[in-house]
Amino acid sequence: MTAKSKSILLVLGGPLGPDSAPAQALSRAGYRVSELDSPSGLLQAIEERLPDLVIIPDRLGKERPFDLAAKVRYNHPDLAMILVGKSTTGELLLKGMHNGFVDVLSLPVEDTRLFESVERALAHRQGWERWLHKETGRLTGSLKQQLNELETILKQVDDGVLVLDRSGRLMMANRAVREAFGLAGREIVGLKPEELFDNGELVSALSNDDSASSTHVEIETPDGRCYNLRQTQIPEIGTIASLHDISYLKELDRLKGDFVNTVSHDLRSPLTAILGYVELIERAGDVNKQQAEFIRRVKTSVHATTDLINDLLNLGRLEVGMVKDMQPLQLQVIVGEAVEAVMARVEQKEQTLRMAVDGKVSKVTGSPVQLRQVVDNLIGNAVKYTPRGGEIRVMLREEDGQVILHVADNGPGIPAEDQGQIFDKFYRASNVGKDVQGTGLGLAIVKTVVDHHHGRIWVDSRPGQASIFTVVLPVS
Ligand code: ADP
């Protein structure tokens, strides 16, 4: 270590005056010595002059040397410090060491003692530097390894991942993104989305800088593939987007849609024909009592099969999200129409149907066809399961930004162990008589529709006494 390369900062005060003997001795020995008039500027002076050693006097006016040493140690733990005083008591020595000083000198000090102390302090500093260097190298190495691993994972992952910096320029795009958008082999880092992609939807999704939201859109590429893009803002970094290839799901949806249409046509048409011919039998000539009973059974079975097909088709359409007629609508109108349509059956069973519908409830956003299905199914079930002479109540009201529909009856109720499953496909409660027709799909359809409308549905029932179905939908 050459003295010349080392810089020493002396804080003036107490026993250390300007151009003091130690300052002169150190300068003569070749150290770069600088002095600081006021201890208050010490931290800044350290930042500017980058000393290897600071010499602090034990008297500094208002500032206490140990407080000053604590501040220095907090900001520059690697910096060596020596404390100087007029006389070195055992107590000062102990306190000095305790507070991070490498040595404590009493003035006047012999040059040899001064140099020996300074060299020890500088060696102490060098030890720190070596440790820091080693530790930084170790950390940087492990960071580099982690970065490499992360980069390999991102490169290999099948989903596309791209990151834009805070100014909206590309920082990184993995192999999947490059391949999907024909960017392989191009120098693309630093470009803006509009310079990279032709797809307007993709560009606008990536340019959405609303930090509170995360965008979720479907993007189609020129080669016909479909990607689900999820874009999220990350504070201090920028935008991260992932692209998941959902082409196979789209294809499945299309196949399911085709299947639904085929089934709808191929199964319903022959059933309509069967029903038509069965009706004709009776018109073609007299049938005996037994034949009439067989005809009745055929009709019942055909109706049950038609119901099943219709329910399956409905559910199929709902599950592939084939309904797109969402609009603000008045549920009270739908409820009114559904009640009117069911009244003939209610009268046939000599039941009473009471309506308590608040005509002023706010609009909800929904599909009129689907919501009519919900109301029809719930009221239809109430009429179907409630015995002759029973009572059905339909109530509609608004509360806390929600429209609430209750359909209640004093029928057989639903056993507690079945209540959790009646919304599942094909599930029929254990207390349903064999003669009561049904597919077990009605409530599954109802639940799917309600879920599509961001609503909730549940049942409260006292077996043997009553059932109340409640549907809650958010106001538009
Ligand atoms: P289903 O075609 O059998 O009526 P749903 O899916 O509409 O099919 O109903 C599922 C089951 O829930 C029914 O089979 C019945 O056991 C029970 N259920 C539905 N509504 C009522 C009701 N109002 N009273 C009693 N049980 C009911």
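Worth a mention:
- Working from the Cα coordinates of the chain, the gyration tensor eigenvalues give, after taking √(5λ), semi-axes of 88, 30, 19 Å in decreasing order.
- Charge-dipole axis of region 190-318 as Lys and Arg at +1 and Asp and Glu at -1 on Cβ define it, positive-most pick from 284, 207, 248: 284
- Chain lengthening between residue 297 and residue 207 when straightened (0.36 nm per residue, less Cα-Cα): 26.0 nm
- Shape of region 120-208, Cα gyration tensor, a/c cut at 1.5: prolate
- Cα centre as origin, Lys/Arg/Asp/Glu Cβ charges: the chain dipole, Debye: 640
- Order by protection proxy (mean Cβ within 10 Å, highest first), peptides 134-141, 173-180, 40-47, 291-298: 173-180, 40-47, 291-298, 134-141
- In order through region 36-45: 3J(HN,Hα) via Karplus (6.51 cos²θ - 1.76 cosθ + 1.60), integer Hz, x for Gly, Pro: 10, 5, 10, x, 5, x, 4, 4, 5, 4
- Rounded FRET efficiency, nearest 0.05, which uses the C-beta distance separating residue 308 from residue 273 and R0 of 22 Å: 0.80
- Residue 250-residue 179 pseudo-label distance in nm [points 7 Å out on the Cα-to-Cβ vector]: 1.8
- Along region 371-388 the Karplus relation, 6.51 cos²θ - 1.76 cosθ + 1.60 evaluated at θ = phi - 60°, assigns HN-Hα couplings of 5, 5, 4, 4, 5, 4, 4, 5, 5, x, 4, 4, 5, 5, 7, 7, x, 3 Hz to successive residues, with x for each Gly and Pro.
- Sites residue 86 and residue 5 - FRET efficiency at Förster radius 25 Å, r taken between beta-carbons, to 0.05: 0.20
- Residues whose amide H falls under 5 Å from that of residue 402, counting only those 5 or more places apart or on a different chain, are 475, with hydrogens built in the peptide plane.
- Centroid-to-centroid separation of region 35-110 and region 329-405 [C-alpha atoms, Å]: 86
- A full extension of the chain between residue 47 and residue 146 corresponds to an added length of 32.4 nm, given 0.36 nm per residue minus the alpha carbon distance.
- Stretching the chain fully between residue 417 and residue 155 yields a gain of 89.2 nm (0.36 nm per residue, less the alpha carbon separation).
- Each residue of region 129-139 is assigned a 3J(HN,Hα), and the resulting list reads 4, 4, 5, 4, 4, 5, 5, 4, x, 5, 5 Hz, derived from the Karplus form 6.51 cos²θ - 1.76 cosθ + 1.60 (θ = phi - 60°), x at Gly and Pro.
- In this simple spin-label approximation, residue 123 and residue 352 carry label points 7 Å from Cα along the Cα→Cβ vector, and these lie 10.6 nm apart.
- Amide H contacts for residue 392 (H built 1.01 Å from N in the peptide plane; partners 5 or more residues away or on another chain; cut-off under 5 Å): 352, 353, 354.
- Sequence ranges 182-190, 237-245, 444-452, 277-285, ranked by mean other-Cβ count within 10 angstrom, highest first: 444-452, 237-245, 182-190, 277-285
We did not get these values from a lab; they are worked out from the coordinates using the rules stated. Keep in mind it's a predicted model, so treat the numbers as computed, not measured. We place every Cβ from the backbone using ideal geometry, glycine too, and count neighbours over all the protein chains shown.
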